[in-house]
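Below you'll find the structure, written out as structure tokens, and then a few comments.
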Number of protein chains: 2
Amino acid sequence: MINVAIMGHGTVGSGVAELLINNKNRIDNAVKEDVFVKYILDLRKFEGLSYSDKFIDNFELIANDRDIKIVVEVMGGINPAYDFVKRCLEGGKSVVTSNKELVASKGAELISIAEKNNVNFLFEASVGGGIPIIRPMTQCLLANKITEIKGILNGTTNYILNKMIVDNMDFDAALKLAQDNGFAEKNPAADIEGHDACRKICILASLAFGKHIYPEQVKTEGITDITLEDIDYADKLGFVIKLIGMAKKSNNDSISASVRPTLVKKSNLLSQVNGVFNAISVTGDAVDEVVFYGKGAGKMATASAVVADVMDCIGHLDSRKNIYWTDGSKSFVKEFDQKTVLYVRASALNYDSLVGSLKNAFGDIDFIDNKQANEIVFLTCEDFESELNKKISTLNADSIKVLHTLN
Amino acid sequence: MINVAIMGHGTVGSGVAELLINNKNRIDNAVKEDVFVKYILDLRKFEGLSYSDKFIDNFELIANDRDIKIVVEVMGGINPAYDFVKRCLEGGKSVVTSNKELVASKGAELISIAEKNNVNFLFEASVGGGIPIIRPMTQCLLANKITEIKGILNGTTNYILNKMIVDNMDFDAALKLAQDNGFAEKNPAADIEGHDACRKICILASLAFGKHIYPEQVKTEGITDITLEDIDYADKLGFVIKLIGMAKKSNNDSISASVRPTLVKKSNLLSQVNGVFNAISVTGDAVDEVVFYGKGAGKMATASAVVADVMDCIGHLDSRKNIYWTDGSKSFVKEFDQKTVLYVRASALNYDSLVGSLKNAFGDIDFIDNKQANEIVFLTCEDFESELNKKISTLNADSIKVLHTLN
């Protein structure tokens, strides 16, 4: 018999409990073991469930129970999840988590503790909900040198941008609709300011490049400054605006990582990812580009990824899965100058002087001429970002907005 | 030291040899073993390679060498691959293959032989080239009950249809272009008649539903009857034509499997899969729909998937990966009546009688009225296929073409 403890009985935790307890036969058959949920740790009381007798509110019961071989951490947040997970790993228990904040901040340390104690620390559900991505990257693409990862990593912001694009709703109305439909939290900051996507790109980039990339090393920008005018201008130029998380390796092995609203060309598959869906594109030297697509969140989708990790742990109780990454150094991550095309939206009371300065900086370039609003919008030629910024800084503009593009 | 033999030095085989031999350091580091290619079996001579000394032309050397723990089969075809693989497995060697014909025809038997001999039989590269799909389905989605698989499984036919759709080329010209560009073989039958896609849906469906589905159980139809007129009519109706492989489980657990040209609605992500790309959509009860996208073929992409399987074998030399499926019974697979919408293109010299019979059968339904060609085209209402076919059979038409649709 394999004894399992679940820490947390929120959305994902209750899904995990339902799958492990209600589908026990199916799971036992698949792993050829008797998988038994012994404890569920939550401070709240849950009466009337078929498994109400399993609830405990004292972590020490789990920590001190040598029969517990696998612990599922679905509490979220850093405290006390970090301490609990650390103590479980040190106590010889494998841990499965869906907690992206924990993995993005403490992944390298927890992976190293798991290694020392010869147990597993698995977190498939921490990125992309039920979309398989961690295991394909660590196993199927193992023979590849991964050079780039990019994707739509946050369903809430994609839903909001989609409503702006398709239904011409402004940001505030789209956010409210997302909240009303349960796609955004009451305090939406983690989503709309890009922090959630940032944590996910940290995990993916760490996995791809073998060194921990920390959230504070990622240039993170949310979607709160995107207006319906930007959406319209992008459309006229043949693009849609998406929140894109990206990590890229330069030829000399430095890493650039960012989360920012980006103009994505309409012919790019990522431009077709709508609503709350996520899509993650991985580029490897052998496989070229592969894309993983699906719902990035949701109770049962995420729970099914957690349970798959639990089943994998059971198959590897005496052996360890591949070590994922080690701690990085700060110098590992640095913005390097890349060739790119930028979207520039500039306005000035002195419109003629603005247009004149555009010609001086960029020569005879196409631009959207919105004289009525004293505004011009254009895509730059392709050049190194530093060169483009130099030219943009010479524009005689009162205000300038610059966004990246993706072909 | 882990000794490996490669059987076959064609496109994929030479890619595998290059990855294993030229990137030996990277691979050894990842698996923490010395991975050594001892033999490459091929009747042809390959002079001037850095590894020309490894070639042998006698399979018995591999079969009788107890040091060989892992054999890569990349010869293709059933004979002699089937005998060789069987003997390797019986001799206690794990086998990795990219041979979809072999897995589709003999998978259940070879999986069972591997199980008896406590070795692994892995075939990630047999579907979708370098796109991770077998392992995600067997591991990440393990906690899901999979209900449906559908996708674009053949790059050659997708390239041809794409050329017809985008460049208005007729079938013969598009096929010739595909051949000129190396995307279609001189004898293109396996691709354009749907057999290649059929083998892949067999493997995916067997994996998803746990029982072997054999190629002869799959309704298979190629793209040779698709004309530019069909492409145009589909476009007018808001669809594109794709070769879709599909397997679906009914409520009473029977399986329907097919490969056929299908009208795919333009809002469906699969309609956006262009050129030689593949995309595989998997629907599970917990995860809903996930899609895997990438190049479905290509030397290094496929080789990288083979090598990842080799690396996985090395991590599991003393343990077995999950058993994938068992032999099925014929009654397991049967077409069941499903609700659907059909595309109907009917022509008759007596056009007025045709239109009259349409109204009798389907009432006041929209149709494309091509009187000049004595032809009508329409989408039926949604109903059980048997009901729709009854109505279609009452049309006063000289010729009728019916295609399935996908929303």
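The values are calculated or read from the model by the stated rules, or taken from the named source; none is laboratory data. Because the structure is a prediction, the values reported are computed rather than measured. Counting neighbours? That spans all protein chains shown, and the Cβs are built from the backbone with ideal geometry, glycine included.
Of the set (1) at pLDDT 95 or above; (2) surrounded by fewer than 24 Cβ atoms within 10 Å (Cβ to Cβ); (3) aliphatic (A, V, I, L, M); (4) touching a Ser or Thr at 6+ places or on another chain (Cβ under 8 Å), all apply to residue B:228 but (4). Looking at (1) within 14 Å of chain A (Cβ to nearest Cβ); (2) closer than 23 Å to residue B:300 by Cα, which is the only condition residue B:204 fails? The one condition residue B:204 does not meet is (1). Within the stretch A:179-218, being of a type in the set (A, V, I, L, M) and in a loop (DSSP other than H, G, I, E, B) holds for A:184, A:213, A:218.
Only one of A:221, A:185, A:216 is in contact (Cβ under 8 Å) with a residue 40 or more places away in the chain and of a type outside the set (S, T, N, Q). Can you tell me which?
Values: A:185 fails: in contact (Cβ under 8 Å) with a residue 40 or more places away in the chain; A:216 fails: in contact (Cβ under 8 Å) with a residue 40 or more places away in the chain.
Going through A:221, A:185, A:216 in turn, just one is in contact (Cβ under 8 Å) with a residue 40 or more places away in the chain and of a type outside the set (S, T, N, Q): A:221.
Residue count for the stretch B:295-304 satisfying the condition of being under 13 Å from the mean Cα position of the chain (by Cα) and at the interface with chain A (Cβ under 9 Å from one of its Cβ atoms): 1.
Does residue A:152 count as touching a Gly at 6+ places or on another chain (Cβ under 7 Å), of a type in the set (Val, Ile, Thr), within 14 Å of another protein chain (Cβ to nearest Cβ) and within 20 Å of residue A:295 (Cβ to Cβ)? Judged against the criteria, residue A:152 is not a match. If the condition is being in contact with a Lys or Arg (Cβ under 7 Å, 6 or more places away or on another chain) and farther than 16 Å from residue B:405 by Cβ, then the stretch B:237-256 contributes B:254, B:255. Considering the conditions (1) farther than 28 Å from residue B:152 by Cβ; (2) assigned to a strand (DSSP E or B), residue B:344 is excluded by exactly one of them, (1).
Residue-level check: of (1) in a helix (DSSP H, G or I); (2) touching an Asp or Glu at 6+ places or on another chain (Cβ under 7 Å); (3) buried (at least 22 other Cβ atoms within 10 Å of the Cβ), residue A:9 misses just (1).
Name the one entry in B:333, B:341, B:355 that is among the β-branched types (Val, Ile, Thr), out of contact with any helix residue (DSSP H, G or I) (no Cβ under 6 Å at 6 or more places or on another chain) and more than 22 Å from residue B:235 (Cβ to Cβ). Can you show your working first?
Details: B:333 fails: out of contact with any helix residue (DSSP H, G or I) (no Cβ under 6 Å at 6 or more places or on another chain); B:341 fails: more than 22 Å from residue B:235 (Cβ to Cβ).
One residue alone meets the criteria, B:355.
For residue A:35, state whether it is modelled with pLDDT of 95 or more, crowded, with 18+ Cβ neighbours inside 10 Å, within 14 Å of another protein chain (Cβ to nearest Cβ) and closer than 25 Å to residue B:319 by Cβ. When the stated conditions are applied, residue A:35 passes them. Taking residue A:72, is it surrounded by 24 or more Cβ atoms within 10 Å (Cβ to Cβ), more than 14 Å from chain B (Cβ to nearest Cβ), under 23 Å from residue B:142 (Cβ atoms) and of a type in the set (A, V, I, L, M)? So residue A:72 fails the test.
Considering the stretch A:358-369 alone, what residues qualify as being over 20 Å from residue A:232 (Cβ atoms) and loosely packed, with under 11 Cβ neighbours inside 10 Å? Scanning the stretch A:358-369 gives A:363, A:364.
Are any residues in the stretch B:362-379 outside any helix (DSSP H, G or I) and over 13 Å from residue B:401 (Cα atoms), and if so, which ones? Let's see the steps before the verdict.
So in the stretch B:362-379, the residues outside any helix (DSSP H, G or I) come out as B:363-370, B:374-379.
Residues satisfying the conditions are B:363, B:364, B:365, B:366, B:367, B:368, B:369, B:370, B:374.
More than 13 Å from chain B (Cβ to nearest Cβ), at pLDDT 95 or above and within 18 Å of residue A:151 (Cα to Cα): does that describe residue A:237? Spell out the reasoning first.
Working: more than 13 Å from chain B (Cβ to nearest Cβ): yes; at pLDDT 95 or above: yes; within 18 Å of residue A:151 (Cα to Cα): no.
Spelling it out, it is not the case that residue A:237 is more than 13 Å from chain B (Cβ to nearest Cβ), at pLDDT 95 or above and within 18 Å of residue A:151 (Cα to Cα).
Within 14 Å of chain A (Cβ to nearest Cβ), β-branched (Val, Ile, Thr) and either touching a strand residue (DSSP E or B) at 6+ places or on another chain (Cβ under 8 Å) or buried (at least 19 other Cβ atoms within 10 Å of the Cβ) (or both): does that describe residue B:95? Criteria not met by residue B:95.
The number of residues in the stretch A:143-159 that are surrounded by fewer than 22 Cβ atoms within 10 Å (Cβ to Cβ) and assigned to a loop (DSSP other than H, G, I, E, B) comes to 1.
Matching residues to (1) under 30 Å from the mean Cα position of the chain (by Cα); (2) in a loop (DSSP other than H, G, I, E, B):
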position	(1), (2)
B:17	yes, no
B:20	yes, no
B:38	no, no
B:48	no, yes
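Restricting to the stretch A:50-92, give me the number of residues that are touching a strand residue (DSSP E or B) at 6+ places or on another chain (Cβ under 8 Å), assigned to a helix (DSSP H, G or I) and among the hydroxyl-bearing types (Ser, Thr, Tyr). The qualifying residues number 0.
Suppose we keep only residues that are small (Gly, Ala, Ser) and within 14 Å of another protein chain (Cβ to nearest Cβ) within the stretch B:12-32. Which one would you say is surrounded by the most Cβ atoms within 10 Å (Cβ to Cβ)?
So the first thing to find is which residues in the stretch B:12-32 are small (Gly, Ala, Ser), and the list is B:13-15, B:17, B:30.
Going one step further and asking which of them are within 14 Å of another protein chain (Cβ to nearest Cβ), we end up with B:14-15, B:17, B:30.
Numbers: B:14: 20, B:15: 23, B:17: 25, B:30: 19.
Looking at residues that are small (Gly, Ala, Ser) and within 14 Å of another protein chain (Cβ to nearest Cβ), I get B:17.
Check whether at least one residue in the stretch B:109-116 is in the same structural domain as residue B:69 (by TED's automatic domain parsing), buried (at least 24 other Cβ atoms within 10 Å of the Cβ) and more than 20 Å from the chain's Cα centre (by Cα), and report yes or no. Yes, the conditions are met somewhere in the stretch B:109-116. Taken over the stretch B:277-306, residues that are among the β-branched types (Val, Ile, Thr), modelled with pLDDT under 95 and over 27 Å from residue A:302 (Cα atoms) amount to 1. If you go through the stretch A:99-137 and keep only what is closer than 15 Å to residue A:199 by Cα, more than 13 Å from every other protein chain (Cβ to nearest Cβ) and either without any contact (Cβ under 8 Å) to a residue 60 or more places away in the chain or not in a helix (DSSP H, G or I) (or both), you end up with A:99, A:102, A:106.
Yes/no per residue for (1) in a helix (DSSP H, G or I); (2) more than 23 Å from residue B:142 (Cα to Cα); (3) among the hydroxyl-bearing types (Ser, Thr, Tyr); (4) touching a strand residue (DSSP E or B) at 6+ places or on another chain (Cβ under 9 Å):
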| position | (1), (2), (3), (4) |
| --- | --- |
| A:267 | no, yes, yes, no |
| A:271 | yes, yes, yes, yes |
| A:274 | no, yes, no, no |
| A:280 | no, no, no, yes |
| A:289 | no, yes, no, yes |
| A:301 | yes, no, no, yes |
| A:319 | no, no, yes, no |
| A:336 | no, yes, no, yes |
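For the stretch B:160-178, the criterion of being in contact (Cβ under 8 Å) with a residue 60 or more places away in the chain, part of a helix (DSSP H, G or I), under 30 Å from residue B:9 (Cβ atoms) and in the same structural domain as residue B:284 (by TED's automatic domain parsing) is satisfied by at least one residue.
On the given criteria, is residue B:51 surrounded by fewer than 18 Cβ atoms within 10 Å (Cβ to Cβ) and not basic (Lys, Arg)?
On the way: surrounded by fewer than 18 Cβ atoms within 10 Å (Cβ to Cβ): yes; not basic (Lys, Arg): yes.
Yes.
Filtering the stretch A:350-366 to residues that are among the aromatic types (Phe, Trp, Tyr) and over 20 Å from residue A:389 (Cβ atoms) leaves only A:351.
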